[in-house]
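**Student:** Here it is, the structure in full.
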Amino acid sequence: MESTPPLESICNKFPAKLHQLEERNKPSEESLNTTCRKDCQLPLIDFSNLDHKDYRNIETCKRRISDAAKEWGFFQIINHGISTEVLIRMQSEQRKLFDKPFEEKANHKISSSSPSCYRWGNPTAMSLQDFSWSEAFQLPLCDISSLSGVLQEFSEQVSKIAKRIAETLAESLGCNSTLFAENYGENSSYVRLNRYPPCPNFRKAYGLVPHTDSDFLTVLYQDQLGGLQLLKNGEWISVNPNQDALIVNVGDLFEAWSNGVYKSITHKVVTNPAAERLSIAYFLCPTYETVIQSYCKPSLYREFSFGEYRKQIQKDVESTRIKFGLSRFLK
């Protein structure tokens, strides 16, 4: 039985011509998969220095994390504590899930009472600019304990890394670092297993449409194929893979909380005509009741709860197919 979802049949329904769009998350045809201005090596930080015996090494590491979050919104960490063995086993579990027949994946549930955790394409897509050539399993942290041991192990380790980075960024602004531990949402944080199948006409669709992340922080492990691009100073730049590193990026909630000091950057995934790409992402989210407010005054954004933010995004995407995100909450 076929395992890949019917991406091509859906994609072929859309007109071949891509229209020029003005929204920052809707690049023109030139930007879709064909043009990337430059390659880059994101700031590379030795995460183990946070536990160094020398105070100067610790402070240097904290400063580098803060500077990267301010300038790039993205950075890479090495010596992060997750072993190569665990990452290889995670990819093995990923392949087992994605190799299942499409119909079985479409109905995959963690428990009999939970909704399906499988996603593919874009249900609301009305054009190529809205369509993602990909599939994913989205696994809430609260349910992962019922799954394989390696998923539990990875989730626990990556969650600790994300919380520690969040605390470091808060401390760099002179703020209480317990904010994230006290408001951590096990029901709202999740691991997302991504697969980007080969795309016969790689100019035809995104692997993942341009977007920002609606969380505090995202921690990503990707394979060596590449395909992640981010928008910096008006240009798309391609992130070079690093097999020893995890990629960290700032989400919308952290940008709002930091009053724009830390940047939630638009990024996308481009398709590949011949090879599949795999990645694993962890999203650090607060409880839905958590109120996001700027750490300083005057604030750029009004106060809002995480639940309110999620509902507004869903409403916008359903009605306009565009995520307006933080612009909805500007004062």
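**Student:** Return the residues of the range 78-124 that are on the phi > 0 side of the Ramachandran plot and at pLDDT below 95; say none if nothing qualifies.
**Tutor:** Answer for the range 78-124, where residues must be on the phi > 0 side of the Ramachandran plot and at pLDDT below 95: just 121.
**Student:** Do you know which of the residues in the range 37-78 that are more than 13 Å from residue 249 (Cβ to Cβ) and of a type in the set (Asp, Glu) is farthest from the chain's Cα centre (by Cα)?
**Tutor:** 54
**Student:** Suppose the filter is among the polar types (S, T, N, Q) and either in contact with a Gly (Cβ under 9 Å, 6 or more places away or on another chain) or at pLDDT below 85 (or both); does residue 12 pass it?
**Tutor:** When the stated conditions are applied, residue 12 passes them.
**Student:** Look at the range 27-55 and say how many of its residues are surrounded by 14 or more Cβ atoms within 10 Å (Cβ to Cβ), among the charged types (D, E, K, R) and either out of contact with any Asp or Glu (no Cβ under 9 Å at 6 or more places or on another chain) or at pLDDT 95 or above (or both).
**Tutor:** Looking only at that region, the number is 2.
**Student:** Also, quick follow-up: Being small (Gly, Ala, Ser), buried (at least 20 other Cβ atoms within 10 Å of the Cβ) and out of contact with any helix residue (DSSP H, G or I) (no Cβ under 7 Å at 6 or more places or on another chain) is the requirement here; does residue 227 meet it?
**Tutor:** Judged against the criteria, residue 227 is a match.
**Student:** Just give me the residues in the range 87-115 being within 20 Å of the chain's Cα centre (by Cα) and not aliphatic (A, V, I, L, M), in sequence order.
**Tutor:** Answer for the range 87-115, where residues must be within 20 Å of the chain's Cα centre (by Cα) and not aliphatic (A, V, I, L, M): 91, 93, 94, 95, 98.
**Student:** Still on this structure, please answer the following. Hey, can you tell me all the residues within the range 51-106 that are in contact with a helix residue (DSSP H, G or I) (Cβ under 8 Å, 6 or more places away or on another chain) and assigned to a strand (DSSP E or B)?
**Tutor:** Hits for the range 51-106 are 74, 75, 77, 78.
**Student:** Same structure again: Is it fair to say residue 201 is closer than 28 Å to residue 232 by Cβ, loosely packed, with under 15 Cβ neighbours inside 10 Å and either hydroxyl-bearing (Ser, Thr, Tyr) or more than 14 Å from the chain's Cα centre (by Cα) (or both)?
**Tutor:** In short, yes.
**Student:** With the structure loaded, tell me whether residue 92 is farther than 15 Å from residue 161 by Cβ, polar (S, T, N, Q) and out of contact with any Cys (no Cβ under 7 Å at 6 or more places or on another chain) or whether it fails that test.
**Tutor:** Values: farther than 15 Å from residue 161 by Cβ: yes; polar (S, T, N, Q): yes; out of contact with any Cys (no Cβ under 7 Å at 6 or more places or on another chain): yes.
It is true that residue 92 is farther than 15 Å from residue 161 by Cβ, polar (S, T, N, Q) and out of contact with any Cys (no Cβ under 7 Å at 6 or more places or on another chain).
**Student:** Same structure again: Count, please, the residues in the range 299-331 that happen to be touching a residue at least 24 places away in the same chain (Cβ under 8 Å) and over 26 Å from residue 144 (Cα atoms).
**Tutor:** 15
**Student:** Follow-up question, since we're still on this one. Of the conditions (1) part of a strand (DSSP E or B); (2) surrounded by fewer than 22 Cβ atoms within 10 Å (Cβ to Cβ), residue 176 clears all except one; give me its number.
**Tutor:** (1)
**Student:** Another question, then. Considering only residues of the range 296-331 that are in a helix (DSSP H, G or I) and among the small types (Gly, Ala, Ser), which is modelled with the lowest pLDDT?
**Tutor:** Among them, the one singled out is 319.
**Student:** Taking the options 294, 264, name whichever one is touching a residue at least 24 places away in the same chain (Cβ under 8 Å), buried (at least 23 other Cβ atoms within 10 Å of the Cβ) and either under 21 Å from residue 154 (Cα atoms) or in contact with a Ser or Thr (Cβ under 8 Å, 6 or more places away or on another chain) (or both).
**Tutor:** Only one candidate passes the filter, namely 264.
**Student:** Out of (1) crowded, with 17+ Cβ neighbours inside 10 Å; (2) touching a Pro at 6+ places or on another chain (Cβ under 7 Å); (3) under 30 Å from residue 11 (Cα atoms), the odd one out for residue 185 is which?
**Tutor:** Here residue 185 meets the rest and fails (3).
The values are calculated or read from the model by the stated rules, or taken from the named source; none is laboratory data. Since the structure is predicted, the reported quantities are computational estimates derived from the model, not experimental observations. Backbone-built Cβ (ideal geometry, glycine too); neighbour counts: all protein chains shown.
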